[in-house]
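See below for the structure under consideration.
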Amino acid sequence: LRSYLRDESARLRRLRRFYEKVQALHQDPEASVDNPLLAFSLIKRLHSDWPNVIYNDEAAGNTQALHAGLREVEQELPGAEDLDGAAQALMRLQDVYALSVKGLAKGIFQRSGAGHSPLYSPGRRVALSADDCFHVGKVAYDMGDYYHSITWLEEAVSLFRFSYGSWNLEDRSSLEDALDHLAFSYFMAGNVSHALNLSREFLHYDPSNQRVTRNVAKYEKLLEMGTGASTRPLRRPNSTRLQSRDAYEELCQRPRGQVGLAGVPWSPRSHCSPLTPSFAPPYPQPAPERLLHLGCSYETNSSPYLVLQPAKKEMVRIQPYVALYHDFITDAEAETIKGLAGPWLQRSVVASGEKQQKAEYRISKSAWLKDTADPVVRALDRRIAAITGLDLRPPYAEYLQVVNYGLGGHYEPHFDHATSRKSPLYRMKSGNRIATVMIYLSAVEAGGSTAFIYANFSVPVVKNAALFWWNLRRNGNGDGDTLHAGCPVLAGDKWVANKWIHEHGQEFRRPCSANPQD
């Protein structure tokens, strides 16, 4: 009996430690959404760590209640796809924002190299465990992405070495696992010498492992044949063959400008300056004659709808024409739109030839709202028509698309208008997308800017503002300068609502120019 009580007490202490660890990490429900490291940690604990504790041999006795409780909520817990997606999101943030993996493991969002200030400073720093780093590296390893597997498994090995000998109940991996995967990653990357050293270290902990013993013999033979340490730098995989990746990432990494000053009542004087931060040195500036047209103003656009409450317009760029309308919606309207869309959110798709399909270069969830869904949606349509002067009656505009970009959510460079007559956009039989209105329904703490690649500027997320641009020139051709991207959300939960307006029905509202090239 004494032995049984001692074992039960030890088991309960372990469960208590696990509970206290999770509770300490996730006291603030909002924090788990805002901080990507907390979000990843929460998903991992709900998917694998907690079941691992419950079904562990140490918890074999008197656990019927725990098992039953887990089965009740199992369908609502994150799945393997969610956990792998969260790991890929961390790798995406690592790449786009040039973050140091060693810094991320410590909870610091800092670019690699010396002299860089953190891109995001959470209120409470959360470190990743060795097992967390191993899982991210293992996801990359399973995809054959040895560039990322090496960086994350190196950190996992370092952390496992530091804590070797202490057993963590929720860990699914070990130093031996990390060494094994890291050695093979280096072998696949061409660095046989380092693969051999790591495999020998593995055998120090597990000398009877025959597979690793055979690997050591194989690596030694390769080195005898003259295959030594690789001097080739590891190259990042470019799965989407993104030609403009460097420009895209440089724009995403730029410091957030003063567009939409937080907490400052809007006025042309407080929100505008002769040179907006998006163009500030050392980045290329627009021509001086174009700067004269940049500024802020109260606009009625000759619309009776805007006479008593003019739109607060900030000109961001002349070519392409991009304008930001501050305080376009209220907090209550934004919450209503998110609430309406929430139950219908599904993984976003993109046009691919004549079809639409999911793609890794667009990670988000979206839903479509008709103007009959709620008076707020109908009011937004009227407001958009007033500021643009365009006809939004069916079939001249699409339904309101509501998009949620969560952990690492992004949309790589793309055009909103169709670049092929076979595009699904032409099924509406109302022509191409002439204009885009994108409404920011939420704020984010870091990341999430809208980057215009060829035009070389970016616009940060400004809560309750609406970003407007023309996709087509007056002659009906697509404007190549509108190639744009949604930078990954580094911290926060980004919600936007898109309204795409088509060219049919706008013939007299935006007529052709006398210049065929315009």
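So the values come out like this:
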{"read-out": "Selection within the stretch 491-518 - farther than 16 Å from Asn432 by Cα and either in contact with a helix residue (DSSP H, G or I) (Cβ under 7 Å, 6 or more places away or on another chain) or open to solvent by less than 40 Å² (accessible area, probe 1.4 Å) (or both)", "value": "Ala491, Gly492, Asp493, Lys494, Trp495, Val496, Ala497"}
{"read-out": "Test: Ala455 is buried (at least 19 other Cβ atoms within 10 Å of the Cβ) and in a loop (DSSP other than H, G, I, E, B)", "value": "yes"}
{"read-out": "Odd one out for Ile439 among (1) part of a strand (DSSP E or B); (2) at pLDDT 95 or above; (3) open to solvent by 10 Å² or more (accessible area, probe 1.4 Å)", "value": "(3)"}
{"read-out": "Filtered residues of the stretch 334-351 (kept if of a type outside the set (Gly, Ala, Ser) and either open to solvent by 30 Å² or more (accessible area, probe 1.4 Å) or part of a loop (DSSP other than H, G, I, E, B) (or both))", "value": "Glu335, Thr336, Lys338, Leu340, Pro343, Trp344, Leu345, Gln346, Arg347, Val349"}
{"read-out": "Lone qualifier among Ser121, Ser117 - being under 14 Å from Leu37 (Cβ atoms), assigned by the TED database to the domain that holds Tyr186 and without any contact (Cβ under 8 Å) to a residue 60 or more places away in the chain", "value": "Ser121"}
{"read-out": "Hits in the stretch 394-413 (condition: part of a strand (DSSP E or B) and either closer than 20 Å to Asn35 by Cα or assigned by the TED database to the domain that holds Ile43 (or both))", "value": "Val403, Asn404, Tyr405, His410, Tyr411"}
{"read-out": "Check on Gly85, within 21 Å of Ala130 (Cα to Cα), within 18 Å of the chain's Cα centre (by Cα), at pLDDT 85 or above and not in a helix (DSSP H, G or I)", "value": "no"}
{"read-out": "Members of the stretch 106-125 that are among the aliphatic types (A, V, I, L, M) and crowded, with 19+ Cβ neighbours inside 10 Å", "value": "Leu119"}
{"read-out": "Residues (among the small types (Gly, Ala, Ser) and open to solvent by less than 10 Å² (accessible area, probe 1.4 Å)) located in the stretch 458-468", "value": "Ala465, Ala466"}
{"read-out": "Sole residue being open to solvent by 30 Å² or more (accessible area, probe 1.4 Å), of a type in the set (Phe, Trp, Tyr) and out of contact with any helix residue (DSSP H, G or I) (no Cβ under 9 Å at 6 or more places or on another chain), chosen from Tyr405, Tyr426", "value": "Tyr426"}
{"read-out": "The one condition in (1) in the same structural domain as Leu369 (by the TED database); (2) touching a residue at least 12 places away in the same chain (Cβ under 8 Å); (3) assigned to a loop (DSSP other than H, G, I, E, B); (4) not aromatic (Phe, Trp, Tyr) that Arg510 fails to fulfil", "value": "(1)"}
{"read-out": "Residue check, Val461 closer than 24 Å to Arg92 by Cα and out of contact with any His (no Cβ under 9 Å at 6 or more places or on another chain)", "value": "yes"}
{"read-out": "Ser364 being at pLDDT below 90 and buried (at least 16 other Cβ atoms within 10 Å of the Cβ)", "value": "yes"}
{"read-out": "Selection within the stretch 199-219 - over 16 Å from Tyr164 (Cα atoms) and open to solvent by less than 70 Å² (accessible area, probe 1.4 Å)", "value": "Ser199, Asn209, Val212, Thr213, Asn215, Val216, Ala217, Tyr219"}
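The values are calculated or read from the model by the stated rules, or taken from the named source; none is laboratory data. Here the structure is a predicted model, which is why all the values come from computation and not from measurement. All Cβ positions, glycine included, derive from the backbone under ideal geometry; neighbour counts span all protein chains shown. Only protein heavy atoms, including side chains, enter the accessible area calculation; ligands, DNA and RNA are left aside. Shrake-Rupley method; radii C 1.70, N 1.55, O 1.52, S 1.80 Å.
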